[in-house]
């Protein structure tokens, strides 16, 4: 009679709730770690981006990325860091893809946009690594500019 109030369905629901809650917490931790992944690009990728920059961005953003003839926003220094550091590379690439070049946004390939991002990051003191920035939007969304 001590188990008169024991409800097997209720007990099963409790066990399942605890198990699902634990899995959610564990997956949340994994997501947090993934979101803290640093932006990684190679020297070769930044070099490709430099060539693309000269062809597509130089007139507005200038040789130093902050002194363009046509008044483009600074792409290096304090203004850039305040806007983009601690944001995802995905946000930067999405912004570039949706707005640049101003006369034909989105005309470059996905690879071109990530190569440009690699160049801009390199000019902001971020060191190249062993892997290229991917074109995958989900992967870029998990890479944080630091």
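Restricting to the stretch 99-146, name every residue that is more than 14 Å from residue 49 (Cα to Cα) and assigned to a helix (DSSP H, G or I).
99, 137, 138, 139, 140, 141
All but one of (1) within 19 Å of residue 146 (Cβ to Cβ); (2) in contact (Cβ under 8 Å) with a residue 12 or more places away in the chain hold for residue 78; state the number of the condition that does not hold.
It fails just one condition, (2).
Values quoted throughout were computed directly from the atomic coordinates according to the rules given, and no laboratory measurement underlies them. Fair warning: this is a prediction, and the values are worked out from it, not measured in the lab. So basically every Cβ, Gly included, is an ideal-geometry build from the backbone, and we count neighbours across all protein chains shown.
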